[in-house]
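To start, the structure itself, in structure tokens.
The values are calculated or read from the model by the stated rules, or taken from the named source; none is laboratory data. Fair warning: this is a prediction, and the values are worked out from it, not measured in the lab. Cβ placement follows ideal geometry from the backbone for every residue including glycine, while neighbour counts extend to all protein chains displayed. The protein model used for the area step is the full one, side chains on, heavy atoms only, and it has no ligands, DNA or RNA in it. Shrake-Rupley method; radii C 1.70, N 1.55, O 1.52, S 1.80 Å.
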Amino acid sequence: MANLEPNDELFDKIVNLCKRRGFVYPGSDIYGGLANCWDYGPLGAQLKKNVKDMWWRTMIQEREDMVGLDAAIFMHPRTWEASGHVGHFSDPLVDCKKCKQRFRADELTPDSECPAGGTHDLTEVRQFNLMFETQMGVVQNETSRVYLRPETAQGIFVNFANVQTTTRRKLPFGIGQIGKSFRNEITPRRFTFRTREFEQMEIEYFVRPEDSDRAYKEWVKTRHNWYLDLGLNPEKLRLREHEKDELAHYAKGCTDMEYFFPWGWGELEGVANRTNYDLSRHAEYSGKNLSYFDPDTEEHVVPYVIEPSGGVDRATFAFLVDAYCEDTAISAKGKEETRVVLRLDPRLAPIQVAVLPLLKNKPELVAKAKELERTLRRHYLVDFDERGQIGKRYRRYDEIGTPICLTVDFETIEDGNELFGTVTVRDRDTMEQERVAIDDLRIYLDEKLKIE
Ligand code: ATP
């Protein structure tokens, strides 16, 4: 059974590891940081890209009923009136007159303590719109006002007719896209979990109305399996179906996928049956016909839509947290040591293969390892390190989730030796080592790294 107690210490350790090893840095660090903004470092950028690539590959490339899109962040302001964001995309905000802090009213309890002493002295609740506004062009007036999109979904809806005509798709089919979204959250926090700038991976799957219940159930299953297939612990992933009174008035169903983060359960993704609300609203506001002509039944229908909407940053962080393990290992000297290992799925690991010459001061070993590194870089995410004791280097790669270390030693390069032309391959999870011929490495690594 997984330990489902919140764990602040674990959270601190992971945030620390992220900064120390270059997964995630505080944003604008040299200026003292900008609150709740984070920059992905070399390892984090690659990990996040791998998450997105896996999504794109499995949800779009490998499916015949899906296509991709990359819509602009700025959209016509009418978009946000039609979608309801101008009128309703707000959170309830309260100010405390004593400590001068702002809170989301729904996050406070009557006995929440005020840092200025006692309980808060709160203002009336007012609605705070979460959309960021800016001006487009050089003249500032009402008509130049634009928003930074608070979700990528609307870019899909406004392109429904374009995509359907150019790809000549029949229902059911879906459009997916990945991109940045912006929300002026009242209480951003918990590292990259809730930020004001974040990335989403969203799908709008268009179906005939009578097919929507089936498609909804199928997408909940598909998205749940996606997280499991990439290694999330099933005991820390749960589905939470919304009660009828939680649903938006137009929605027919919604299921959240929640992960048990170090502070407790948090939403990774929501899958919703949004009926034909979005297309109908955009048809009304734009005056364009957004119905679909079904050639089989010869009728016009406004498709229903199933929306699996996930956060890239939340998924990336969940994979990191879930992969983090502290193993007890016995060192070469017989001492008990803690080994930190990120048991990331090899398809997500930011470095898949580390190439290591056994000794730094032997030019022939370094040269051979460099040569191997250059060849493998064309196929895998590779790193090279010649510094320090080999055992320490293995540990450094364990800590960032590198599944395979390859060591070039004297046997590798000594002609006549029976191990000539082989390298030591060391497995992150089992710590076992075996000799593999350099000529066989591609096949060996493809299998170990789950490359199809
Ligand atoms: P929450 O209730 O946590 O604010 P939400 O229900 O408003 O989330 P959606 O509007 O359904 O979120 O957005 C879809 C997904 O986008 C979420 O499941 C989450 O993964 C991601 N997401 C939303 N807001 C943020 C944020 N401020 N920071 C990071 N990711 C976010």
Practice item. Determine the dipole magnitude for segment 209-290: charges of +1 sit on the beta-carbon of Lys and Arg, -1 on that of Asp and Glu, nothing else is charged, the reference point is the Cα centre, and the result goes in debye to the nearest 20. Key: 140
Review point. Which shape class applies to segment 123-274: rounded if a/c is under 1.5, otherwise prolate when a/b exceeds b/c and oblate if not, where a ≥ b ≥ c are the square roots of the Cα gyration tensor eigenvalues?
Key: oblate
Review point. In terms of the Cα gyration tensor, with a ≥ b ≥ c the square roots of its eigenvalues, is segment 396-452 rounded because a/c is under 1.5, prolate because a/b exceeds b/c, or oblate?
Key: oblate
Check your understanding: What does the helix-only formula give at 222 nm for the chain: each DSSP H stretch with n ≥ 4 adding -39500 (n - 2.57), the total divided by the residues, and the result rounded to the nearest 500 deg cm²/dmol?
Key -> -8500 deg cm²/dmol
Study note, to complete from the structure: Contact order relative to length for segment 304-445, counting C-alpha pairs under 8 Å separated by 6 or more residues, stands in percent at 20
Point to revise | Among W56, N3, N184 the positive-end extreme of the charge dipole of the chain (Cβ point charges) | key: N184
**Study point:** Charge dipole of the chain about the Cα centre (unit charges at C-beta), most positive-ward option of L47, H249, S280
**Key:** L47
Revision key, fill the gap. With +1 on the Cβ of every Lys and Arg and -1 on the Cβ of every Asp and Glu, the dipole magnitude of segment 32-121 about its Cα centre, in debye rounded to the nearest 20, is 280
Practice item. Given the peptides 45-58, 414-427, arrange them by the average over their residues of other C-beta atoms within 10 Å, most packed first. Key: 45-58, 414-427
Exercise for review: Compute the distance in nm between two label points, each set 7 Å from the Cα along the Cα-to-Cβ direction, one at F420 and one at E9.
Suggested key: 5.4
Check your understanding: What is the distance, in nm, between label points placed 7 Å from the Cα along the Cα-to-Cβ direction at A248 and at T375?
Key -> 5.4
Point to revise | Rounded tilt (10° steps) of 390-399 against the dominant C-alpha axis of the chain | key: 10
Check your understanding: At a 1.4 Å probe radius, carbon and sulfur cover how many percent of the accessible area of segment 45-151?
Key -> 51
Revision key, fill the gap. Between the Cα axis of helix 277-286 and the main Cα principal axis of the chain, the angle (0 to 90°, nearest 10) is 60
Check your understanding: Helix 8-21 versus the longest principal axis of the chain: what is the Cα-based angle in degrees, 0 to 90, to the nearest 10?
Key -> 70
Revision key, fill the gap. Looks like segment 292-448, by Cα gyration tensor root eigenvalues a ≥ b ≥ c and the a/c under 1.5 rounded cutoff (else prolate when a/b is bigger than b/c, oblate otherwise), is prolate
Practice item. With a probe of 1.4 Å, find how much accessible area the chain has per residue, and write the answer as a whole number in Å². Key: 51
Exercise for review: Determine the relative contact order of segment 171-285: mean sequence separation of Cα pairs under 8 Å and six or more apart, normalised by residue count, in whole percent.
Suggested key: 18
